1. Place +1 on the Cβ of every Lys and Arg and -1 on the Cβ of every Asp and Glu in the stretch 1-98, take the dipole about the Cα centre, and give the residue among 7, 35, 90 whose Cα lies farthest towards its positive end.
2. Grab the beta carbon distance between residue 75 and residue 574, set R0 = 56 Å, and tell me the FRET efficiency rounded to 0.05.
3. Per-residue accessible area for residue 233 at 1.4 Å probe radius, Å² rounded to 10?
4. How many Å² of accessible area per residue for the stretch 245-334, probe 1.4 Å?
5. Rounded to the nearest Å, what's the spacing between the alpha carbon centres of the stretch 538-592 and the stretch 276-333? Just the number, please.
6. Calculate one ³J(HN,Hα) per residue across the stretch 427-439 by plugging θ = phi - 60° into the Karplus curve 6.51 cos²θ - 1.76 cosθ + 1.60, and present them in order as whole Hz with x for glycine and proline.
7. Need one word for the stretch 140-183: rounded, prolate or oblate. Basis is the Cα gyration tensor (sqrt eigenvalues a ≥ b ≥ c); a/c below 1.5 gives rounded, then a/b vs b/c decides.
8. Roughly to the nearest percent, how much of the accessible area of the stretch 132-195 is carbon and sulfur, given a 1.4 Å probe?
Amino acid sequence: MSSIIKILPDHVINRIAAGEVVERPASVVKELIENSIDAGATELLIDIEEAGRRLIRITDNGSGMSKEDAGTAFQRHATSKIMDDTDLESIRTMGFRGEALSSIASVSHVRLLSAMKGATSGTLIEIEGGTVKGISEAAAPQGTTLEIGHLFYNTPARRKFLKSPATEFSHILTAVSRQAMAHPAIRFRLTHNKKGVLDLPPALSVKERVFQLSGGEIAENLIEFAGGRDGVYVHGLIGHPGSTRADKTYQDFFVNRRAVKNPSLTHALYSAYGDVLMRDRHPLAFIFVEIDPALVDVNVHPAKAEVRFRNQSQIHDLVRDVIREALRGMNVSPATTRADGVRESLSDYLQKIESSECGVRSSEYRNALQKTPFHPQNREMDYSPFPVSHDSHSELRTPNSELLHPLAQVHDSFIIAQSQEGMAIIDQHAAHERVLFEKLQDQFGAGQVPVQDLLVPDQIELGPAQSTVLAEYLPELSKLGFLVEDFGNDTYMIKAVPALLVGSDYRRLLLDILDEVNVHGKSEKMEKVRDEMLSVMACHPAIKIHRHLDLREMEQLLADLFKCRMPHTCPHGRPTVVRFSMDEIMRMFKRT
Ligand code: ADP
Ligand code: MG
């Protein structure tokens with residue numbers, strides 16, 4: 001019998017490798033930026049057309065390549081960065097696998113123009129689907145330009161899996177932003193369809209780079225931290241627990257300036273914040289670990305997106321401790337109080353619930369909010385921003401199996417009520433959120449959103465990533481009652497807002513909505529995205545912990561709650577009511 005096992009030809013191997021290394025246009029961008037950084041470039045120009053499908057062009061002022069090297073660079077496993085396997089133990093460059101250029105070239109058309117310092121001329125190479133179509137001499141400035149066109153032209157399956165141009169471009173923007181953050185001294189420029197998107201001059205620090213990238217809204221809420229032991233150094237920026245996000249967009253980990261995913265680092269971050277974080281809320285964090293390359297294995301993922309530490313738990317604990325220390329400096333003592341065996345006082349506890357009701361409240365924010373003339377506490381109003389129907393009192397008497405009679409309010413936060421079977425405690429914030437949420441759903445369902453024009457349009461400046469999402473969602477937002485105009489340069493004007501939001505911090509709300517939309521993406525049913533938006537909207541004006549309610553207001557709130565379709569949870573899924581039957585109460589007192 002003849003043998004059936006064959007060694008695959010190189011072009012097939014390259015295509016297989018491309019499957020791992022080149023998942024989408026953003027992966028090409030990432031690999032090419034890494035190569036430019038490794039070549040010592042101080043300036044990078046990245047031009048994208050049609051979200052990378054038509055063109056990805058990266059021009060650097062790095063070392064350039066000789067004619068011989070330029071030819072070899074596209075071969076599989078061709079690299080100038082390691083010589084033998086011992087070098088794998090101490091990788092200081094971004095690349096080392098020698099796979100990127102060969103993989104990319106096997107699924108696209110590539111043009112490379114490169115010249116070394118002092119060379120009289122450069123080299124031009126053209127490759128199609130991995131086959132060299134021509135090599136010639138050409139005039140070129142020092143550095144390298146790589147043009148990738150027709151990406152995935154010969155892999156229709158991959159092409160089909162590409163998402164909308166807006167989504168693919170936002171991945172590219174994220175890839176560029178991450179690299180830019182890790183290398184603040186390098187100048188980055190990014191254009192899309194010939195329009196400038198980013199122009200980041202060399203920055204002195206990561207913080208300055210974050211400011212350039214994300215705008216003041218984000219940067220203001222960040223503090224710098226740093227610390228280390230045993231030769232490992234951790235530094236970066238973290239967000240105040242009051243300014244958490246609905247997604248992890250603003251969360252990046254870098255090990256020796258390489259953006260990585262590492263569950264242990266993520267865990268360290270969340271355990272540093274401890275229980276000051278609400279469920280489904282995420283802290284802003286840009287965390288850099290600087291470590292001897294011999295102590296970390298970067299060769300565990302084809303796209304080098306993961307790392308493994310020799311001493312995982314040591315790094316974990318260091319990161320957790322350094323961040324915890326920084327949080328302590330911010331005066332928001334996380335879970336450690338319990339670990340230390342110190343019981344929190346009730347007022348601390350309530351303070352904590354309040355500051356994290358929906359994860360968006362910091363005390364500064366609350367103070368600022370209280371200064372606005374619209375803040376509920378600054379004007380006489382019912383608990384509800386909706387007109388109270390005066391016959392609703394009689395509705396209370398209608399038979400309702402859920403019937404709860406409020407008796408009192410505890411610490412201006414929870415309502416104690418008598419029920420038919422015993423008693424109940426109601427979380428007033430969660431209950432009101434549910435009521436508002438369903439009213440909003442009904443209003444939007446009926447296409448009647450009362451909108452209020454702002455006398456003075458409110459200007460909002462965003463980072464490029466958020467700006468891209470916002471630009472895409474302007475029509476959706478206007479259906480929700482937000483009239484926002486694009487003023488160019490990532491600046492927007494809020495011209496009108498849903499009427500019931502006048503008085504709450506709709507700027508913050510808008511940012512939260514963008515996060516939510518980002519999490520769920522456009523592919524999700526619009527209904528779901530709308531509900532996410534509504535739940536954020538409902539949370540903002542809902543009555544808070546620490547708000548005194550009189551009996552009539554409590555009755556009204558409970559009546560409204562039990563008119564809801566789903567009265568038992570708030571839109572975030574937390575319970576609104578906890579019930580105790582008489583049986584349970586009797587048992588607690590050992591009467592049965
Ligand atoms: P790796 O980066 O893992 O070495 P690549 O396939 O990405 O593998 O690149 C192959 C080689 O091509 C690199 O080792 C480097 O010598 C050279 N090279 C690639 N891009 C550049 C660039 N922009 N400037 C100079 N040399 C480059
Ligand atoms: Mg490389």
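The values are calculated or read from the model by the stated rules, or taken from the named source; none is laboratory data. Note that the structure is a prediction, hence the values are computed from the model and not measured. All Cβ positions, glycine included, derive from the backbone under ideal geometry; neighbour counts span all protein chains shown. Keep in mind that these areas ignore ligands, DNA and RNA; they rest on the heavy atoms of the full protein, side chains included. Shrake-Rupley method; radii C 1.70, N 1.55, O 1.52, S 1.80 Å.
1. 7
2. About 0.45, to the nearest 0.05.
3. The value for residue 233 is about 110 Å².
4. Accessible area per residue, the stretch 245-334: 39 Å².
5. Value for the Cα centre distance between the two parts: 39 Å.
6. 7, 5, 5, 4, 5, 5, 4, 4, 4, 5, 4, 6, 5
7. Oblate is the answer for the stretch 140-183, as a/c is 1.5 or above yet b/c matches or exceeds a/b.
8. Within the stretch 132-195, the accessible surface is 57 percent carbon and sulfur.
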